[in-house]
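To keep things clear, I will list the structure first and then write my remarks on it.
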Amino acid sequence: MVQRQRIVIVGGSFGGINAACELRRQLGQQADITLISKESTFTFTPSLPWLVMGWRKPHSLQVPLVKPLKRRGIRFVHDNVDALDPEKYLISAGAGRFPYDMLLLATGAELDYAAVPGLGPETGHTQSIFNVAEAGKAHIALAEVLGRDRGRIVIGAAPGASCIGPAYELVMMIDTVLKRARKRHRFTLTYLTPEPFIGHFGIGGVGNSPRMVQDEFAFRSIEAVANARIVQAEPNRLILADGREYGFDFSLVIPAFLGSAFVRAVSGLANPKGFIPVTPGLASAKYPNIYAAGVAVAIPSPFPTTVPVGVPKTGHMTELMARAAAHNIAAEFRGRPMIDGLSLPSLCIADAGDTAFYMSADPFLPPRNKTIIRRGKWARYLKLLFERYYLARIRYRLPALAFGW
Ligand SMILES: Cc1cc2nc3c(=O)[nH]c(=O)nc-3n(C[C@H](O)[C@H](O)[C@H](O)COP(=O)(O)OP(=O)(O)OC[C@H]3O[C@@H](n4cnc5c(N)ncnc54)[C@H](O)[C@@H]3O)c2cc1C
């Protein structure tokens, strides 16, 4: 009898779910697939800025994972992985030990608030947006300030941040809301970023995004400070390395990322920040039966910047990586050719409240074969529709769209 391969996936988000489904599709009943995640629900993170604005309720952007995975024949374990022994092919979590033949890590990142004293919503003075709890807390704080007659709002990103897009979205959405309330002229809006210029996004820009974002911010009277190295957050002000200070009544700052603690603890698996260097096929450079996808993967920045800025790994890229990693795991079992999972295109829609920006870059780092950037209300509707479709796709097994999603 042929022994079924044991595949363990850690991560229940864009990377983990898509990898698990693709593996099931490619390997059928030849594999036992286990997905372990410390969260029992999938959250459509691109909608978290709408939660901060109060335009969404948490339940409308979450799907419990148990049923959709069970329907696909994937075993779901709701648990926190605390150790990995790559020599013994063993994952350990609170509920027990999980031996594997192949492991796929789609563990995203931990939020490195400690890198900047005073940062973060738990022990610091700034809000954040990386999960439903943080976004809900930020919403309460923002609503209070927007209810006032005047105020100072500072949105920003810490040195080394890579997921800067939501900061752009928020600062423009807040501008839209204030204009609608006819009190924009009594609020200051400031955007502090480690990027060398606005519209850089950690990838050197997308087409003419630097010029477009500069124009957009000028029209919206948003003060932008590039090369900003935030070194401290105090109750009502942010301090930069060069001594400049920005007072605020509401501030949300995107932190830098660290890889998952258990990944950081395995010698040689990850870089000093905890992200996993991979081959073009997405296997670990050190442990060939460990694959990685999404935010967990180390992609070095090709751009020298005065203040460190990370390369973003968007949801779209994460899904493409997850499918490529799944394909390559299946290909290894079957002795078939592998595919490149690193030279990927990326597609993203940034909402601005009254309009939106559609950006696609192929590949995601320049020089590129194709770049599209468009602005319009239609892009907002597309983002809205896409959220509905994506959540339904996870719930009801709808097919993936042809362009990768
Ligand atoms: C506010 C916001 C807005 C965004 N907007 C967009 C957008 O408009 N478009 C876009 O393309 N992308 C967007 N992104 C980026 C997108 O969310 C990420 O690319 C995507 O979430 C990455 O998926 P992932 O699976 O790699 O990691 P994550 O989504 O971070 O998921 C990691 C998973 O691993 C699990 N995990 C981690 N450690 C452990 C452990 N020790 N044990 C068990 N489980 C563990 C977690 O529970 C989670 O399920 C946005 C992100 C944010 C935060």
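Observations on the model:
- Hits in segment 211-266 - residues which are open to solvent by less than 30 Å² (accessible area, probe 1.4 Å), touching a Pro at 6+ places or on another chain (Cβ under 9 Å) and part of a loop (DSSP other than H, G, I, E, B): Ala228, Ala256, Val266
- One residue stands out in segment 65-102 among those that are of a type in the set (Asp, Glu) and within 18 Å of Ile33 (Cα to Cα): the one that is farthest from the ligand (Cβ to nearest atom), namely Asp101.
- Those strands (runs of 3 or more DSSP E) of segment 70-135 in which at least 1 residues are under 28 Å from His59 (Cβ atoms), out of contact with any Phe, Trp or Tyr (no Cβ under 8 Å at 6 or more places or on another chain) and aromatic (Phe, Trp, Tyr), considering only elements entirely within it, cover 75-78.
- Counted residues, segment 26-64 - those being free of Cβ contacts under 8 Å to residues at least 60 places away in the same chain and either assigned to a helix (DSSP H, G or I) or within 15 Å of the ligand (Cβ to nearest atom) (or both): 13
- In segment 332-345, residue surrounded by the fewest Cβ atoms within 10 Å (Cβ to Cβ) [restricted to those that are without any contact (Cβ under 8 Å) to a residue 40 or more places away in the chain and outside any helix (DSSP H, G or I)]: Gly335
- Within segment 1-18, being at negative phi and near the ligand (Cβ under 9 Å from one of its atoms) holds for Val10, Gly12, Ser13, Phe14, Gly15, Gly16, Ile17, Asn18.
- The residue list Pro312, Pro366, Pro308, Pro288 contains one member that is at pLDDT below 95 and open to solvent by 10 Å² or more (accessible area, probe 1.4 Å), which is Pro366.
- Looking only at segment 183-196, and only at residues there that are open to solvent by 40 Å² or more (accessible area, probe 1.4 Å) and in contact with a strand residue (DSSP E or B) (Cβ under 9 Å, 6 or more places away or on another chain), the one that is nearest to Arg368 (Cα to Cα): Thr188
The values are calculated or read from the model by the stated rules, or taken from the named source; none is laboratory data. Nothing here was measured: the structure is a model prediction, and the numbers come from that model. As a convention, Cβ positions derive from the backbone with ideal geometry for all residues, glycine included, and neighbour counts pool all protein chains shown. Only protein heavy atoms, including side chains, enter the accessible area calculation; ligands, DNA and RNA are left aside. Shrake-Rupley method; radii C 1.70, N 1.55, O 1.52, S 1.80 Å.
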